[in-house]
Structure formats: C-alpha cells, structure tokens
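See structure below.
The values are calculated or read from the model by the stated rules, or taken from the named source; none is laboratory data. In this text the structure is predicted, and so the values were computed from the model without any measurement. In this analysis, Cβ positions are derived from the backbone assuming ideal geometry, glycine residues included, and neighbour counts consider all displayed protein chains. Just so you know, the surface numbers come from the protein's heavy atoms only, side chains and all, with ligands and any DNA or RNA stripped out. Shrake-Rupley method; radii C 1.70, N 1.55, O 1.52, S 1.80 Å.
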Amino acid sequence: ASSDISDLGHIGALATIIRDVLAELPNTNHCRGPVDEYPTCCLQSFGCYLSVVLSILPKELNLLFDSSLGKTEASYAVEKALLSLAQLVELLSVTFDLTKENPILVKRPYLLQQLKWGTRFMEVIVARVVPFLQKHFQEHEQGIIDIIRHLQGCTRQISSIITHGKREKDTNLAKETPRAKKVLESFIHKIKALMRKNRCLTALGGGNLKSKHIDGSIIEDDDADSESSDSSGSSSEKEGDAMESENEFGSDDE
C-alpha cells in the first residue's frame with residue numbers, strides 16, 4: 001500500500017518549521033524574535049533556518065515523484081500526489097512571502113537562497129511535475145489549475161528577486177540569474193502548451209509582467225528607465241527583459 005502524505009519524506013516537519021516557526025518571526029518585535037515555543041529562532045538565526053528548508057523543498061519534490069504516489073496510475077494515488085505537490089508549492093510560497101511582506105528580512109543572503117533554491121524547485125517542476133500534470137489534467141482539472149496559479153506567484157517573486165539583483169548590481173544574484181531565467185521561460189512555455197491543449201488557457205488569466213520590487217510594488221517608469229540605461233549593451237539581459245515583460249499566459253497566434 002502507498003504511504004500516506006504524512007509519511008512522505010519530511011513534508012510534515014517542513015510544514016511545522018515554515019508555518020509555525022519562520023512565519024511567526026515577523027509577528028515578534030521588529031522580527032527580532034525569539035519565536036514562542038521555538039526560542040532558537042530569532043533574527044540572527046533566521047538565515048540558517050531559511051537556507052535549510054529551502055534546500056530541502058526541491059529534494060522533497062523529487063522524493064514525491066520517486067515514490068509510488070508519483071508513479072501509480074490509481075486515482076487515489078494521483079489525488080494524494082497532487083495534495084502533496086500543492087502542499088510543497090504552498091510552503092515555497094510562504095518562504096517567499098517572508099521577504100515580500102517584511103522589509104527587515106530583505107537581505108541579500110536571504111534573497112540569494114530564495115533565488116537559488118526557488119530555481120532548483122522550478123527545475124523539478126518543469127522536468128517532472130509538468131508531465132505529471134499533463135497526464136492527469138482532464139481528471140483533476142481544477143486542482144491542477146490551482147497548483148499552477150500558486151506556482152505563478154512563486155515565479156513572479158523569483159522574477160522580482162532577479163530585478164532587484166540587477167538594480168542593486170548584486171554579483172551573487174547575477175550569477176544565479178541566467179539559470180533562473182531559463183527555467184522560468186521553460187515553465188511559461190510548457191504551461192501555456194498544457195493549457196492550450198486542454199482549451200483552457202484563459203483560466204490562468206494574462207496581463208503584462210511588470211518589473212516589481214521585492215514587496216510586489218511596481219517599479220516606476222523613471223526607475224525602470226534608469227535600469228535600462230545602466231544595463232544596455234548586453235544582448236542576454238535584453239532577451240531576459242523581453243521574457244520578463246511578455247504576456248505571461250495570454251493567448252497568442254501559435
């Protein structure tokens with residue numbers, strides 16, 4: 001018999017650390033901590049907690065699709081796999097919200113960890129999860145669309161970190177940027193193909209992607225113009241900007 005979701009890897013432990021520990025730190029005075037019930041979690045130790053859980057998330061995603069749940073055709077197994085997948089995506093989203101919603105936590109080392117491991121997570125999504133979603137879309141349409149919508153939020157935050165690194169001329173973030181852009185572009189194209197094949201592309205909405213600050217606010221035109229002039233001359237950067245500003249899941253002529 002297949003294992004229950006609670007028995008899969010470390011999903012339960014990850015959920016506890018992310019939801020009950022890290023997500024509670026902003027509720028303390030100026031994020032200084034410590035967190036009630038978890039006195040070792042404070043502002044000074046936040047980076048250690050964050051890097052550990054972020055590094056484990058893509059491993060747990062791989063583990064899910066190495067397990068019987070990711071390989072069995074039985075409906076109950078597919079449902080459990082989708083539930084586990086949704087939980088892992090939601091946990092990644094919570095870790096991203098920590099910097100998005102709390103300026104005190106917008107530090108370069110934290111953003112680097114989010115960019116690095118968020119990219120690794122999306123690589124597993126593109127390589128292993130999207131084919132699984134394609135295979136089971138018709139039987140689990142609404143649940144899969146909900147997962148994709150949550151993934152959209154994660155990819156937009158990754159894009160915001162890329163933009164932030166470019167604006168701040170952060171060399172460490174810049175090193176991770178090409179790999180991140182590549183997987184984001186692949187994700188967009190594969191999801192568009194999936195939705196188009198099932199005739200529900202409009203279910204995800206559209207709209208132009210705009211350059212945003214880490215907190216999600218749109219970068220004003222003057223800032224964007226300054227960014228553009230500072231980075232002109234690099235064809236790879238221009239291609240990346242074009243990818244970032246395209247209509248993300250809107251219809252096209254293909």
* Asked: Limited to region 118-150, what total is found for residues that are in a helix (DSSP H, G or I) and open to solvent by less than 50 Å² (accessible area, probe 1.4 Å)?
  -> 18
* Go through region 5-18 and give me each residue that's open to solvent by 90 Å² or more (accessible area, probe 1.4 Å) and either at pLDDT 95 or above or of a type in the set (Asp, Glu) (or both). => ASP7
* Among all residue pairs at least 6 apart or on different chains, which show Cβ distances below 8 Å where the first residue, located in region 79-104, is basic (Lys, Arg) and the second is in a helix (DSSP H, G or I) and surrounded by fewer than 20 Cβ atoms within 10 Å (Cβ to Cβ)? -> LYS80/ILE5
* Would a scan of region 52-59 turn up a residue that is touching a residue at least 60 places away in the same chain (Cβ under 8 Å) and not hydrophobic (A, V, I, L, M, F, W, C)? -> yes
* **Residues located in region 69-81, provided they are surrounded by 14 or more Cβ atoms within 10 Å (Cβ to Cβ) and in a helix (DSSP H, G or I)** => LEU69, GLY70, ALA77, VAL78, GLU79, LYS80, ALA81
* To do: Write out, first by first residue and then by second, each pair whose Cβ atoms fall under 8 Å of each other, whose residues are 6+ apart or on separate chains, and whose first residue, in region 163-174, is touching a residue at least 24 places away in the same chain (Cβ under 8 Å) and open to solvent by less than 50 Å² (accessible area, probe 1.4 Å) while the second is of a type in the set (D, E, K, R) and not in a helix (DSSP H, G or I).
  => THR163/LYS212; HIS164/ASP170
* Structure fact -> For GLU60, the lone unmet condition from (1) under 21 Å from GLN152 (Cβ atoms); (2) out of contact with any Gly (no Cβ under 7 Å at 6 or more places or on another chain) is (2)
* Return a yes/no flag: does region 132-139 have any residue that is in contact (Cβ under 8 Å) with a residue 12 or more places away in the chain and more than 26 Å from LYS190 (Cβ to Cβ). => no
* Odd one out for ILE56, checked against (1) open to solvent by less than 20 Å² (accessible area, probe 1.4 Å); (2) among the aliphatic types (A, V, I, L, M); (3) closer than 18 Å to TYR110 by Cβ -> (1)
* Asked: Name the residues in region 25-47 that are assigned to a helix (DSSP H, G or I), open to solvent by 90 Å² or more (accessible area, probe 1.4 Å) and not polar (S, T, N, Q), would you?
  -> HIS30
